[in-house]
Amino acid sequence: MECKESSQQAEAVGCPSETEFAGRAAACEGCPGKELCLQLGNKDPDQESIDVRMQVIKHKLLVVSGKGGVGKSSIAANLSMALAELSKKVGIVDVDICGPSVPKLLNVEGMQVINSQWGWKPLISPLGGIKVLSVGSLLQHSDNAVVWRGPRKTQMIKRFLKDALWGKLDFLVFDTPPGTSDEHLTVVQTLKRSKPDGVIIVSTPQTVSLATIRKEIDFCKKMGIKVLGIVENMSGFICPCCQDQSDLFSSGEIGRASCRERV
């Protein structure tokens, strides 16, 4: 019986607040909400507040990638600006806790997040009036390293959703870190009642990057989230003088991978 329980506990990934291991799993060590989870069992005390905030947002989109450096944050920022140009009310949450780059991309670097009596006020980007919230805007200096364990990252992401004044939006875009880690699990679990619309996977055409696409698709299948599409980024360079395109890497591999995976 003990072996079975240990095996089950080992399989519990991310924040176990909604499982039978709430407050007792290895991931709970060091979490400020451990005692509360032990008292409440498998009920997440933040979920109701998160649901209230998220239910008035029409569409939730996750932008993910298997590897870093493929332009995922740039795609998330450009997608937000494109939607804003269509007169949509847009917000973007930078849940890449250890490597936030959205503040720079959306020109809100150096702005301070105001913590009012009603909650955090997201920053307003001058590039389309997009609402922005990122841990990069909470640091005293942008060069400061964020060295946090999983439970603390989970709590910060929940605060981004629960304590921020997002209001009624047409789209809320989540810029996630590379891979499939605690941040992804936290976002998917907290949005399970308000139903995220799907995931956009970003990759470059190199073989090494393509190998991670299957893992991202497998993650989406396990989580029950629809893959909206795969973006092939950085496949070509357009000369600013003659407008001629040079393929830096082999192009078209993403399309073939999409067909194989039936995306």
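None of I124, I130, I157 is within 19 Å of V90 (Cα to Cα), surrounded by 12 or more Cβ atoms within 10 Å (Cβ to Cβ), in contact with a Lys or Arg (Cβ under 7 Å, 6 or more places away or on another chain) and of a type in the set (V, I, T) except I124.
Looking across region 43-65, the residues that are open to solvent by 20 Å² or more (accessible area, probe 1.4 Å) and either in a helix (DSSP H, G or I) or of a type in the set (V, I, T) (or both) come down to E48, S49, V52, R53, V56. Please verify whether E11 is closer than 30 Å to S203 by Cα, modelled with pLDDT under 85 and open to solvent by 70 Å² or more (accessible area, probe 1.4 Å), treating the condition exactly as stated. So E11 fits the description; yes. Among the residues of region 182-208, those identified as of a type in the set (D, E, K, R) and within 20 Å of G68 (Cα to Cα) are D182, E183. Could you check region 168-185 and list, in sequence order, the residues that are open to solvent by 40 Å² or more (accessible area, probe 1.4 Å) and over 15 Å from the mean Cα position of the chain (by Cα)? Result: K168, single match. Applying the criterion of being more than 15 Å from M156 (Cβ to Cβ) and open to solvent by less than 70 Å² (accessible area, probe 1.4 Å) to the residues of region 104-121, the residue that is farthest from the chain's Cα centre (by Cα) is S116. Residue selection: E261 fails the criterion of being open to solvent by less than 20 Å² (accessible area, probe 1.4 Å) and either of a type in the set (S, T, N, Q) or at pLDDT below 90 (or both). Of all residues in region 91-100, those satisfying the criterion of being of a type in the set (A, V, I, L, M) and either touching a Leu at 6+ places or on another chain (Cβ under 7 Å) or assigned to a strand (DSSP E or B) (or both) are I92, V93.
The residues of region 186-228 that are open to solvent by 30 Å² or more (accessible area, probe 1.4 Å), assigned to a helix (DSSP H, G or I), charged (D, E, K, R) and in contact (Cβ under 8 Å) with a residue 12 or more places away in the chain, listed by number, are R214, K215.
Please find, within region 133-147, the residue that is farthest from the chain's Cα centre (by Cα) out of those that are open to solvent by less than 60 Å² (accessible area, probe 1.4 Å) and of a type outside the set (A, V, I, L, M). Looking at the filtered set, the residue picked out is S137. Looking only at residues in region 66-95 that are within 21 Å of K121 (Cα to Cα) and among the charged types (D, E, K, R), the one that is surrounded by the most Cβ atoms within 10 Å (Cβ to Cβ) is D94.
The values are calculated or read from the model by the stated rules, or taken from the named source; none is laboratory data. Note that the structure is predicted; figures quoted are calculated from it, not measured. Using ideal geometry, Cβ is built from the backbone for each residue, glycine included, and neighbour counts are taken over all protein chains shown. Keep in mind that these areas ignore ligands, DNA and RNA; they rest on the heavy atoms of the full protein, side chains included. Shrake-Rupley method; radii C 1.70, N 1.55, O 1.52, S 1.80 Å.
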